[in-house]
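The values are calculated or read from the model by the stated rules, or taken from the named source; none is laboratory data. These numbers were taken from a predicted model, which means no experiment stands behind them. Here the Cβ positions follow ideal geometry from the backbone for every residue, glycine too, while neighbour counts run over all protein chains shown. Side chains included, ligands, DNA and RNA excluded: accessible areas come from the protein's heavy atoms. Shrake-Rupley method; radii C 1.70, N 1.55, O 1.52, S 1.80 Å.
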Amino acid sequence: DTGSSGSGGSSSNEIWYSTKNSTELVHVAMADGVTQAAEMLGYTGEVAVAEADAAKQNDQMNNLIQNIVPAAIVVNPYDSDSISDVMARANDANIPIAVIDNKANNAQADVAVLFDSIKSGEEAGNKAVELLTEKYGEPKGVVVNLYGEVVSQVFKERSEGFENVIKQYPDIELISVLGAPESDVATSALNNVIADAKSSGKTIDLVNTPTDTATLGAVEALKTNDMWYKTGEDGHVFFISHDGLGDVLDLVQEGYVDAEVVIDVFGVGGIATEILHAYPMQGKEVPTSGTFTPEGEYLNTEVTFTSGDSGATVMLDPLVVDASNADNPLIWGNATK
Amino acid sequence: MNKPPLLQVNNISKVFGATPALSDVSLEVSEGGIHSLLGRNGAGKSTLVNIIAGIYPPTTGDVLFEGRDIRSLNIFTRQELGIRLVPQHENSFPDLSVAENIFSGVLPTRGGLVDWKQINDVAAEELAAYGLAVDPRTLVRELSSIDARKLNIIRAMHSGAKLIILDEPTTALTNRERAELFTFVRELKARGTAFIFISHYLGEVLELSDAITVLRDGRMFPVDTSDHVSEAHLASLVAGEEVELAHRAIDRGPDADGVFLKVTDLHGDNLEGVSIDVRKGEILGVVGFPGSGAREFCRALFGLTRLDSGTITAGGQKVALPSPERAIAEGISYISYDRQREGIMPTFDVNENIGISSHAGKLRALGGFVNLALQRSLSEQYRQALKIKCNSIDDSMDSLSGGNQQKVIVSRLLNTDPRLLILDEPTVGIDIKSREEIISTILDLTHRGMSTIYLTNDYEELLRVADRLVFFDDGRIVTVLDNTDITIDELTAIRDREKEAV
Amino acid sequence: MQSTSAARKIVDFCMNQAVWILLVLSILIMGLFRSSFYSFGILSNILVQATVLGLLAIAISMIILLGDINLATVGTAGFSALIGVLAMKSGLPVLLSILLILVVGSLIGLVNGLIVTKLKANALITTLAMNMVLQGGLLAITGGTTISQLPDSYKFVSQGKIGAFPALPIVLIVAFAAFHVIWERTRFGRALFAVGGNYRGAYIAGINVERTKIWAYVVSGLLSGVAGWLLSGYMGAVTSSFGTTYEMQVIAAAVIGGVSLTGGRGSMLGVLAGTLLLTVIQVGLAILGIESTLITLAGGLMIFVAVLIDAVRNLYNARR
Amino acid sequence: MQSTSAARKIVDFCMNQAVWILLVLSILIMGLFRSSFYSFGILSNILVQATVLGLLAIAISMIILLGDINLATVGTAGFSALIGVLAMKSGLPVLLSILLILVVGSLIGLVNGLIVTKLKANALITTLAMNMVLQGGLLAITGGTTISQLPDSYKFVSQGKIGAFPALPIVLIVAFAAFHVIWERTRFGRALFAVGGNYRGAYIAGINVERTKIWAYVVSGLLSGVAGWLLSGYMGAVTSSFGTTYEMQVIAAAVIGGVSLTGGRGSMLGVLAGTLLLTVIQVGLAILGIESTLITLAGGLMIFVAVLIDAVRNLYNARR
Ligand SMILES: Nc1ncnc2c1ncn2[C@@H]1O[C@H](COP(=O)(O)OP(=O)(O)OP(=O)(O)O)[C@@H](O)[C@H]1O
Ligand SMILES: Nc1ncnc2c1ncn2[C@@H]1O[C@H](COP(=O)(O)OP(=O)(O)OP(=O)(O)O)[C@@H](O)[C@H]1O
Ligand SMILES: [Mg+2]
Ligand SMILES: [Mg+2]
């Protein structure tokens, strides 16, 4: 199969991925998921970077749809809402299109493959409750959540999921501060929270960040405040993070970070590309029920079709890893080490 | 063997683009000598001294200082050798203290750090020695423009230069200040300092100089000073022809008795109850020391200084003049003594510099447009009428010499068809020939009914043109005189008497 | 003699048209790498994308011309678009909502103008703070969400077509033509140049400098409002980080286009060239499929080259 | 008579110390809402967080004082920290790596200085483009990744303590004291004021204006390098969007601190006050637990208030 058999009205041999930024490893890995799957399927994978700008992504998508006309497009919307018009244009032009990572509002895609960020947050919350219960025999203590810039949907949902779980336990005190994604913002925020807590005689039991970039900064705050100890050591502060960055996975293995909620970064792009290839590029519609088993190797070995806002949808499960399983090579952070 | 002269300029030529500014100019300055440069606006005087100071390179020719070829040296090295330029245009640091200004470029240090104590002490001494009564720690921004100019000269003196170039240092100085300056220059000369002195005032040039060179169109005309040289001779040498001094005709125009401007009991910034009428077709000369209210009076009529109370009637109607915009609309125009800051628009060409004040007046076209065609033709008329020296009206302002810039400003004001023209040192920095051209233009317009208020420290000029003289002191009008057979000495006597009476 | 003067004329021309020549060169080079660059689609996309940038560049140029700077153009665009869209969502007719956007933009400009003239606050820091307030306000009001599903009638200029040709570039052309005339031939325009060239001199020459400045800010705000309307129509949404990528480009377009930051010098044709050059570079880099991590660097280098060429041109003109 | 002059003196004092008074007021108000604000921990955090901003603010003030502007400070900090950290990761001893950071920072400053003086390019747009190039270079070299796991010896100043007191504020104090002396009492410092106050006048007064400018840019780059080192040590990483949160604050700190954007006026004490004020606002907003979507708005409003107060102060001084 050279890819020329696609029914999408295009004779192109290219599958394009429109990514929202190139500044974070996670997005690079996501793009790799698409391009590797495309190559596995006999296509060339190309990437357009929106550089964290909704308008720019729109421009790039317009260029793709009107001028390049690839065999299929996988898009990671920088802004879920402003992508709808170009999505409609792709549909008009009969170009198979998948939305990954961030959903597209008010738009139809052939398939949406998404992370369940609320679930990620909830998993982190549950892990937090588990750790605190282990320590005190009951769920109580002081928990700091360094939430991210409000414009990011993922950070917002991860924090929401986390805080929803924590709020169910009245004995757990939640301190919620803006401290992500920038590392220096995290360092400063946590430094201030620690100083504030110290002056009112509180001890911080657990820190949660929605992303590993913030974790790197938060770690430094713990170090300078003499709160950086391994699990089991006196004075250890529980730490839960999200993403799966290599350096943080190392910290998990060393016992400094208790849990990392990992998302299937290779899977999201890879599975979306495989689904596009299996259904719309063969002229078939993506089902809204049933399961799909991807050819490539991902953290999610089997996924379930559901129906979402933009049509057929696949929600990928997060994976909570600790010191015992942090070395899984399918975690994107380990692959890029 | 003879010692070589301090400065020797040999066959200098300078071309700006296509404009030749200097051709084959040579001169010498001996130790302790004062060599004056004379010439019409744009003759090349500033260009020549800028070349000597090392600001511009000459196109051809060379400069020797103490017998040494300094052609390849930059301004800094030339300063170290002892050549110091006090430029024509403002040159101090407004936000720095007087003391620091004096020492600028060579701040003394102790232990690697700037020695403020020494700076302030020495500056205080020098200020006292040169008779400038200001605290060395005041900011230059707070000095009057006269004090700032003196400071500029003190700065050059302070550096211990062997050759000091003064480019038009006396413009807009009062006679007394001028005399102080000359005393000061002579003292230094006696100690061996040499000067190049540029001025348009022939009298002072004759009084001061050991040697005189006239520049005309970039060419040099050395003056033989061994015999008696007359002002008239110098004037014709500068102009290249006989210069006839313009005089006010005794009989006035038809409206001689109508009053255009009636000012009653003005109070405001340095004005304490000023009342005066200005008749149509009259030139009213204004006399007063700085701070007497004379300049404030002129500027208040143009909305530039604060007015608290009083009434102004122009052309029979009561007017409010809160801003230049309103004043121009009422037919009142003003030429400032400060050409750089309050006159020229540096980013505009000559054409638009002439037109700018008339955009809301006769150049106004429908729908907010400017009548550009009319602007061009009027500008062209002024260029010819006032003999503005430029290639075309599209030339940029900074390619014009100072005096020609002034003519452009005069054209701008005339272009507003003023009924009252307020002239604040209108001939500052203007050569003798151009000055007469400007004056006769004004006399001509006044003859046809325009009123003029004329403020200048050049009393010879004032007495030639004014119909009446008003003397200001302490914000009040103290004397009003018809200008009939008054001499300069009488005028200064009246002015000084008023001062002493207070 | 004849030939050297002809050669000189060519160099003169090249130097003065440096940005235009760079523009043509960029288009040629982009086309070499990817011939689709010359397609009607891409070229009209360039014009479409240049429209918002162009309007904002005119908006900032009005103020740079005065010798000030207006860093609030992007914030003004976002905030006024938000207000209009919210009003529309709560029932205001589309046309009135669009008008509201323009009114809000102008009012923001008026506030900037009043602060800068009446309080004599520094323009850079005032508009920087204003921009933060506006962007913060946008974020606070939207709560970080995006407002979308805008009616087609709201987007008719942003997305409409006249035949095969998009409507947006017409706005670009009309705006530049209109402001060319305003700058060169009207009293207001010449007053802008005068005030920027010599503030005090302009006052004494009878120009109402305060009024001129305030109006310039109002017009700048109005243009930002128009840009806000068109950009929201183009994206079909008002996001909480509306237009932030334009922030740097807007200044660059004006300055590369030859508007002197010290005031008093500039031309609409130059601003147009600056706008087009930046857009071509951006579109070009995007469709060349250049490595994602290199895009910022490449963009920066290209602006850098433009700056250097501009500097050499000025040096050349000064030495002439 | 006596009493009005005393009242006047108080008003005079308040007006001239506006930023300091604002600073004290902010601390008082923050403390009212949250008494822990007065804890040793938070107050020393404020000093810690002010250090990087303070160094960058001095870096930009050196250039603003000249009448130019340097928008590349943040990019210089990030890029030079990156080079040093990479060298360290590939085996260069820590101390030499830190030295390398300072050298790279100074060299970037030198390049800016040479372009601005020799090519007479406009400083704003040159440093804007330079900043893009540096940030683009950072992104290109890191490929979007974060470099972390820096050795403790690299972080000894950023994270070290002397007794209970963090070491970082000592850098802040030393830097401000040193540059106070440099500005007020060295020939170089006075030359900066002279060049910024009257460029041509300084030239004619025998000050080597080009050399002064170039050195100012070098020192500005050097300080940015120091800030880059300290910030990377503070957050334990070099991220690909290094320091971008400082971009706006740096200008604001300098200008609120009274460094005139037209050049020739400013004081280190003012810059220090501006730096502390911005940091206090930021820390305060962070620990007050203000609604996340309101943070930008609140920060913007506070800067806006500072700008207005500053404007009123200047107006007052001008009318005096
Ligand atoms: N930078 C320049 N570029 C182009 N032409 C210039 C420049 N400077 C001076 N000129 C021209 O050179 C000629 C000599 O000017 P210069 O300033 O030396 O005259 P000046 O004798 O000092 O006149 P003034 O008495 O008015 O000061 C004039 O024609 C002027 O227009
Ligand atoms: N620009 C200046 N021009 C003239 N004098 C100055 C200038 N700057 C400082 N001085 C004076 O020099 C003396 C020393 O100034 P400097 O500021 O260096 O001293 P300091 O030891 O920091 O003391 P302080 O801060 O109390 O003035 C003071 O009397 C000061 O007023
Ligand atoms: Mg001259
Ligand atoms: Mg400036």
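Can you report the number of residues in region A:36-70 which are open to solvent by 10 Å² or more (accessible area, probe 1.4 Å), part of a loop (DSSP other than H, G, I, E, B), in contact with a Phe, Trp or Tyr (Cβ under 7 Å, 6 or more places away or on another chain) and more than 7 Å from chain C (Cβ to nearest Cβ)? Total meeting the criteria: 1. Residues that are part of a helix (DSSP H, G or I) and either more than 14 Å from chain C (Cβ to nearest Cβ) or hydroxyl-bearing (Ser, Thr, Tyr) (or both) within region A:128-157 comprise A:Ala128, A:Val129, A:Glu130, A:Leu131, A:Leu132, A:Thr133, A:Glu134, A:Lys135, A:Tyr136, listed in sequence order. Quick check, is D:Ile58 touching a helix residue (DSSP H, G or I) at 6+ places or on another chain (Cβ under 8 Å) and of a type in the set (Val, Ile, Thr)? Spelling it out, D:Ile58 is indeed touching a helix residue (DSSP H, G or I) at 6+ places or on another chain (Cβ under 8 Å) and of a type in the set (Val, Ile, Thr). Of everything listed in (1) touching a Lys or Arg at 6+ places or on another chain (Cβ under 7 Å); (2) free of Cβ contacts under 8 Å to residues at least 12 places away in the same chain, the single unmet condition for D:Ile287 is (2). Note on region D:189-205: residues that are open to solvent by 10 Å² or more (accessible area, probe 1.4 Å) and either polar (S, T, N, Q) or more than 10 Å from chain B (Cβ to nearest Cβ) (or both) total 2. Residues of region D:84-93 include at least one that is away from ligand 2 (no atom under 16 Å from the Cβ), away from chain A (no Cβ under 14 Å), crowded, with 23+ Cβ neighbours inside 10 Å and over 19 Å from the mean Cα position of the chain (by Cα). A count restricted to region A:238-254 and to residues that are in contact with a Ser or Thr (Cβ under 9 Å, 6 or more places away or on another chain) and open to solvent by less than 10 Å² (accessible area, probe 1.4 Å) stands at 7. Answer yes or no: is there a residue in region A:289-306 that is farther than 19 Å from A:Tyr17 by Cα and open to solvent by less than 10 Å² (accessible area, probe 1.4 Å). Yes, region A:289-306 contains at least one residue that is farther than 19 Å from A:Tyr17 by Cα and open to solvent by less than 10 Å² (accessible area, probe 1.4 Å).
The residues of region B:175-203 that are hydrophobic (A, V, I, L, M, F, W, C) and either open to solvent by less than 30 Å² (accessible area, probe 1.4 Å) or assigned to a loop (DSSP other than H, G, I, E, B) (or both), listed by number, are B:Leu181, B:Phe182, B:Phe184, B:Val185, B:Leu188, B:Ala194, B:Phe195, B:Ile196, B:Phe197, B:Ile198, B:Leu202. Between B:Gly131, B:Gly160, the distinction of being out of contact with any helix residue (DSSP H, G or I) (no Cβ under 8 Å at 6 or more places or on another chain), of a type in the set (Gly, Ala, Ser) and in contact (Cβ under 8 Å) with a residue 40 or more places away in the chain belongs to B:Gly160 only.
Screening A:Val26, A:Val99 for residues that are of a type in the set (Val, Ile, Thr) and modelled with pLDDT of 90 or more leaves exactly one candidate, A:Val99. Among the residues of region A:77-105, the ones that are free of Cβ contacts under 8 Å to residues at least 60 places away in the same chain and in a loop (DSSP other than H, G, I, E, B) come to 6 in all. Examine region D:60-81 for a residue that is away from ligand 2 (no atom under 16 Å from the Cβ) and surrounded by fewer than 18 Cβ atoms within 10 Å (Cβ to Cβ), and state whether such a residue exists. No, there is no match, as no residue in region D:60-81 is away from ligand 2 (no atom under 16 Å from the Cβ) and surrounded by fewer than 18 Cβ atoms within 10 Å (Cβ to Cβ).
If you go through region D:96-109 one residue at a time, do you hit one that is within 14 Å of chain A (Cβ to nearest Cβ), away from ligand 2 (no atom under 16 Å from the Cβ) and buried (at least 24 other Cβ atoms within 10 Å of the Cβ)?
Checking region D:96-109: not a single residue is within 14 Å of chain A (Cβ to nearest Cβ), away from ligand 2 (no atom under 16 Å from the Cβ) and buried (at least 24 other Cβ atoms within 10 Å of the Cβ).
Against the test of being open to solvent by 40 Å² or more (accessible area, probe 1.4 Å), touching a residue at least 24 places away in the same chain (Cβ under 8 Å) and under 23 Å from C:Gly196 (Cβ atoms), the options B:Gln340, B:Gln375 yield a single qualifying residue, B:Gln340. Region B:257-349 holds no helices (runs of 4 or more DSSP H) entirely within its bounds that carry 2 or more residues that are within 30 Å of B:Arg149 (Cβ to Cβ), polar (S, T, N, Q) and within 28 Å of the chain's Cα centre (by Cα). Looking across A:Ile275, A:Ile240, one residue alone is modelled with pLDDT of 95 or more and either over 20 Å from A:Lys127 (Cβ atoms) or touching a Pro at 6+ places or on another chain (Cβ under 7 Å) (or both). It is A:Ile275.
Among the residues making up region B:204-225, those that are open to solvent by 20 Å² or more (accessible area, probe 1.4 Å), in contact (Cβ under 8 Å) with a residue 60 or more places away in the chain and under 12 Å from B:Ile34 (Cα atoms) are B:Ser209, B:Asp210, B:Ala211. Just so you know, in region D:134-151 the residues that are surrounded by fewer than 24 Cβ atoms within 10 Å (Cβ to Cβ) and either hydroxyl-bearing (Ser, Thr, Tyr) or in a helix (DSSP H, G or I) (or both) include one that is nearest to the other protein chains (Cβ to nearest Cβ), and it is D:Gly136. Just one of (1) under 24 Å from the mean Cα position of the chain (by Cα); (2) surrounded by fewer than 24 Cβ atoms within 10 Å (Cβ to Cβ) fails for B:Ala365. It is (1).
Annotation: of all residues in region B:386-416 being part of a loop (DSSP other than H, G, I, E, B) and charged (D, E, K, R), the one that is nearest to ligand 1 (Cβ to nearest atom) is B:Lys389.
Quick one: is A:Ser80 crowded, with 21+ Cβ neighbours inside 10 Å, more than 14 Å from chain C (Cβ to nearest Cβ), of a type in the set (Ser, Thr, Tyr) and under 29 Å from A:Glu260 (Cβ atoms)? Criteria not met by A:Ser80. Residues of region B:88-107 include at least one that is of a type in the set (S, T, N, Q), in contact (Cβ under 8 Å) with a residue 60 or more places away in the chain, more than 26 Å from B:Pro20 (Cα to Cα) and more than 16 Å from ligand 4 (Cβ to nearest atom). Checked against the criterion of being within 16 Å of ligand 2 (Cβ to nearest atom) and within 15 Å of the chain's Cα centre (by Cα), region D:274-290 has no qualifying residue.
Of all the residues in region B:104-143, those that are open to solvent by 60 Å² or more (accessible area, probe 1.4 Å), assigned to a loop (DSSP other than H, G, I, E, B) and closer than 21 Å to B:Thr174 by Cα number 1. Looking across region B:316-337, just one residue is open to solvent by 30 Å² or more (accessible area, probe 1.4 Å) and of a type in the set (S, T, N, Q), and that is B:Gln317.
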